[in-house]
Amino acid sequence: MVNALDARLSMYHFYTAFAALLIGGFFGLLQTLVRSEQLTLPVELNYYQVLTAHGVLLALVFTTFFIFGFMYAGVVKTTGEFASHRRKAAWVGFVLMLTGTIMAITLILMNKATVLYTFYAPLQASPFFYIGLAFIIVGTYFAAYAIISQYRSWRKEHKGEKSPLFTFMAVATLALWLIATIGVVTAVTLQFIPWSFGWTETINVALSRTLFWFFGHPLVYFWLLPAYMAWYVTVPKIIGGKIFSDSLARLAFLLFILFSIPVGFHHQLLEPGISEVWKYVQVVLTFAVIIPSLMTAFAMFASFEIAGREKGATGLLGWFKKLPWSDVRFIAPFIGMAFFIPAGAGGIINASHQMNQVVHNTIWVTGHFHITIGATVILTFFGISYWLIPHLKGRVLTKHINNLGKYQIVLWTVGMFIMSAAMHFSGLSGNPRRTQITSYNGHEAAASWGSYEVAMSVGGTLLLFSIFLFIGLMINLAFFAPKGSEEFPIGEEFEETHKLPKLLENWKVWIAIAILLILIAYTIPVIDLIQDAPPGSPGYQFW
């Protein structure tokens, strides 16, 4: 069992994450009910206020707290207990993150920060909303210090040895995070805070959006990489197999650092002020991200097949039947993997200049976002929770909870499929995102969206029921399940005939390449956005 002090650190992150999931999920259902005209919000709330709270709570708060709770537990499992100064740094990070969260959500509920999840200028919030966001980011820096320092210490004490794969992946994820947050930190500290306090009258809107998307797309991989960590390291153990290739896994994570940051312009393909040349460069780099994603898919299904063959499977797909379909720890991440197939295809469409013209700023994009994060990532996080919570609390996953967990996963899967499919199809017919409901003066295209909006509300209802069941099961696993010892599944790798190439742990080389790609992709266009910027915009508060 993990050290009690380190277990408490992870659990406090999970308590916060699950609270954000519950509240954010409720706000999500309100949105679908309002859009389908099944509900009218009370005068104290407006749709865009609810939309902002939903996005911040689920996309930022739930994911960030869960990820750090997971990484803390895995790093301690694979490298040993935290030294006291690292544990203190992690707690400082938690307090800062929690303080920032409370500030941001309070201001949203007061209708002082109704700026949506992306907080696009010229929409303007209270300066204390941006300060709250800054607290969250700074808190993650303390957390990153604890993990990276632990990794460095382990390497000094184990010279010449290959570092634990889980910890290596955690460090790679944090390297991506630390580089990516440069964009949002720059925008918040140098643009949004002075502007919202009135120290500057206007803001360079194009520059602020560019800095946001420098952060915004890597943020998706900050969510995805911990899911990949579970796929690579824990799922092979759960299915009774082994990690297909340690070297391949490490290379994939390093490639994500290179290719997932200098790609933000594919979110800005229809925005003026950015040269088509630089948009093209970043679209090319966006498609390069497909390579490590396909490497991951290959490695996972290779692990599945080899595990099945070792259990006696024959024929082309006989191994498929040998997978543990009755184990919620497996079916949750596996369904997440399956969702990532259409999610990845949708990402290719979003990043393609011609096809993006059709779906840009429609609810198609929201549907893509939901099956990427709401299905692939969150289903994997659910699967992790079913073994990690009892592991940290000294309890066991019982057969009864496992069976109820499968119903919870099915509810989530069906709800997300219905809701995201409705978003995709209505988006193709022009249904806009970031809006409440509009008839476009009775236009026939808008009239066709009604049935899809109802489907979204049905899917959203199922998702909220799934959250209720999940929270109940987590409370049971944390406080009422039988005491015992639940395994933290760490897979072993297949025997390799070669040593790990030293280049794969030469962080200076990989980070230098990442910075070079960023400089190539962003230096000239950012200079142009500053030198040739149109007049800045004052702030607006519409709600």
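The values are calculated or read from the model by the stated rules, or taken from the named source; none is laboratory data. Keep in mind that this is a model prediction, so the values were computed, not measured. In this analysis, Cβ positions are derived from the backbone assuming ideal geometry, glycine residues included, and neighbour counts consider all displayed protein chains.
With respect to Leu517, is the statement that it is under 27 Å from the mean Cα position of the chain (by Cα), buried (at least 16 other Cβ atoms within 10 Å of the Cβ) and under 30 Å from Arg329 (Cβ atoms) true?
Numbers: under 27 Å from the mean Cα position of the chain (by Cα): yes; buried (at least 16 other Cβ atoms within 10 Å of the Cβ): yes; under 30 Å from Arg329 (Cβ atoms): no.
The answer is no for Leu517.
For segment 488-543, give me each residue that is in contact (Cβ under 8 Å) with a residue 60 or more places away in the chain, more than 26 Å from Leu211 (Cβ to Cβ) and part of a helix (DSSP H, G or I).
Hits for segment 488-543 are Leu504, Glu505.
Could you please tell me which pairs satisfy a Cβ distance under 8 Å, a separation of 6+ or placement on different chains, a first residue in segment 78-92 that is surrounded by fewer than 20 Cβ atoms within 10 Å (Cβ to Cβ), and a second residue that is outside any helix (DSSP H, G or I) and modelled with pLDDT under 95?
Here the result reads Glu81/Asn3, each pair linking segment 78-92 to a residue that is outside any helix (DSSP H, G or I) and modelled with pLDDT under 95.
Test Ile437 against the stated conditions and say whether it is touching a residue at least 12 places away in the same chain (Cβ under 8 Å), part of a helix (DSSP H, G or I) and either of a type in the set (Lys, Arg) or surrounded by fewer than 17 Cβ atoms within 10 Å (Cβ to Cβ) (or both).
In short, no.
Residues that are at pLDDT below 95: list the helices (runs of 4 or more DSSP H) wholly contained in segment 311-416 that include at least 1 such residues. Write out each step before concluding.
On the way: elements: 318-321, 328-351, 353-359, 363-369, 378-393.
Answer list for segment 311-416: 318-321, 328-351, 353-359, 363-369.
Restricting to segment 79-115, and then to whatever is small (Gly, Ala, Ser) and over 20 Å from the mean Cα position of the chain (by Cα), can you tell me which residue is nearest to Trp195 (Cα to Cα)?
Ala113
Mind counting the residues in segment 116-158 that are outside any helix (DSSP H, G or I) and over 20 Å from the mean Cα position of the chain (by Cα)?
Count: 7.
In the list Ile261, Ile274, Ile179, which residue meets the criterion of being assigned to a loop (DSSP other than H, G, I, E, B), of a type in the set (Val, Ile, Thr) and closer than 23 Å to Val138 by Cα?
Working: Ile274 fails: closer than 23 Å to Val138 by Cα; Ile179 fails: assigned to a loop (DSSP other than H, G, I, E, B).
Answer to the check: Ile261.
This table checks each residue for (1) under 25 Å from Ser149 (Cβ atoms); (2) part of a helix (DSSP H, G or I); (3) of a type in the set (Lys, Arg).
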{"site": "Gln31", "(1), (2), (3)": "no, yes, no"}
{"site": "Val34", "(1), (2), (3)": "no, yes, no"}
{"site": "Leu39", "(1), (2), (3)": "no, no, no"}
{"site": "Leu51", "(1), (2), (3)": "no, yes, no"}
{"site": "Thr63", "(1), (2), (3)": "yes, yes, no"}
{"site": "Tyr72", "(1), (2), (3)": "yes, yes, no"}
{"site": "Lys77", "(1), (2), (3)": "yes, yes, yes"}
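Look through Leu397, Leu379, Leu392 and report the one residue that is surrounded by 22 or more Cβ atoms within 10 Å (Cβ to Cβ), among the aliphatic types (A, V, I, L, M), touching a Pro at 6+ places or on another chain (Cβ under 7 Å) and under 26 Å from Leu5 (Cβ atoms).
So the residue among Leu397, Leu379, Leu392 that is surrounded by 22 or more Cβ atoms within 10 Å (Cβ to Cβ), among the aliphatic types (A, V, I, L, M), touching a Pro at 6+ places or on another chain (Cβ under 7 Å) and under 26 Å from Leu5 (Cβ atoms) is Leu397.
Looking only at segment 296-318, how many residues end up being among the hydrophobic types (A, V, I, L, M, F, W, C), closer than 13 Å to Tyr232 by Cα and surrounded by 18 or more Cβ atoms within 10 Å (Cβ to Cβ)?
3
Identify, please: which residue in segment 1-50 is of a type in the set (S, T, N, Q) and crowded, with 20+ Cβ neighbours inside 10 Å and is, among those, farthest from the chain's Cα centre (by Cα)? I'd like the intermediate steps shown before the answer.
Initial filter on segment 1-50 (of a type in the set (S, T, N, Q)): 3, 10, 16, 31-32, 36, 38, 40, 46, 49.
If we keep only those that are crowded, with 20+ Cβ neighbours inside 10 Å too, we end up with 10, 16, 31-32, 36, 49.
Working: Ser10: 18, Thr16: 16, Gln31: 21, Thr32: 22, Ser36: 27, Gln49: 22 Å.
Within segment 1-50, the match that is farthest from the chain's Cα centre (by Cα) is Ser36.
Determine if segment 182-190 includes at least one residue that is at pLDDT 95 or above, polar (S, T, N, Q), part of a helix (DSSP H, G or I) and in contact with a strand residue (DSSP E or B) (Cβ under 7 Å, 6 or more places away or on another chain).
No.
Just one of the numbered conditions (1) in a helix (DSSP H, G or I); (2) of a type outside the set (A, V, I, L, M, F, W, C); (3) farther than 29 Å from Thr52 by Cβ; (4) over 23 Å from the mean Cα position of the chain (by Cα) is not true of Gly442; which one?
Evaluating Gly442 over (1) in a helix (DSSP H, G or I); (2) of a type outside the set (A, V, I, L, M, F, W, C); (3) farther than 29 Å from Thr52 by Cβ; (4) over 23 Å from the mean Cα position of the chain (by Cα) leaves (1) as the failure.
Filter segment 268-284 down to residues that are farther than 19 Å from Thr118 by Cβ and of a type in the set (Val, Ile, Thr) and give me whichever is farthest from the chain's Cα centre (by Cα).
That would be Val277.
Check whether at least one residue in segment 246-260 is crowded, with 19+ Cβ neighbours inside 10 Å and among the hydroxyl-bearing types (Ser, Thr, Tyr), and report yes or no.
yes
Out of segment 174-191, which residues are surrounded by 21 or more Cβ atoms within 10 Å (Cβ to Cβ) and under 15 Å from His217 (Cβ atoms)?
Leu176, Trp177, Ala180, Thr181, Gly183, Val184, Ala187
Could you check how many residues of segment 1-46 are touching a residue at least 60 places away in the same chain (Cβ under 8 Å), over 24 Å from Tyr117 (Cα atoms) and charged (D, E, K, R)?
Going through segment 1-46 one residue at a time, the tally reaches 1.
Select from segment 207-232 the residues that are buried (at least 23 other Cβ atoms within 10 Å of the Cβ) and small (Gly, Ala, Ser) and list them in ascending order.
Residues satisfying the conditions are Ser208, Ala227, Ala230.
Can you tell me which of Leu9, Leu22, Leu45, Leu41 is within 22 Å of Ile373 (Cα to Cα) and not charged (D, E, K, R)?
Exactly one of Leu9, Leu22, Leu45, Leu41 is within 22 Å of Ile373 (Cα to Cα) and not charged (D, E, K, R), namely Leu22.
Just to be sure before I move on: is Thr167 in contact (Cβ under 8 Å) with a residue 40 or more places away in the chain and either polar (S, T, N, Q) or in contact with a Pro (Cβ under 9 Å, 6 or more places away or on another chain) (or both) in the structure I sent?
Values: in contact (Cβ under 8 Å) with a residue 40 or more places away in the chain: yes; either polar (S, T, N, Q) or in contact with a Pro (Cβ under 9 Å, 6 or more places away or on another chain) (or both): yes.
So Thr167 fits the description; yes.
So Tyr130 ticks every box in (1) in contact (Cβ under 8 Å) with a residue 40 or more places away in the chain; (2) farther than 30 Å from Ile243 by Cβ; (3) surrounded by fewer than 19 Cβ atoms within 10 Å (Cβ to Cβ) but one. Which box is left unticked?
Condition not satisfied by Tyr130: (3).
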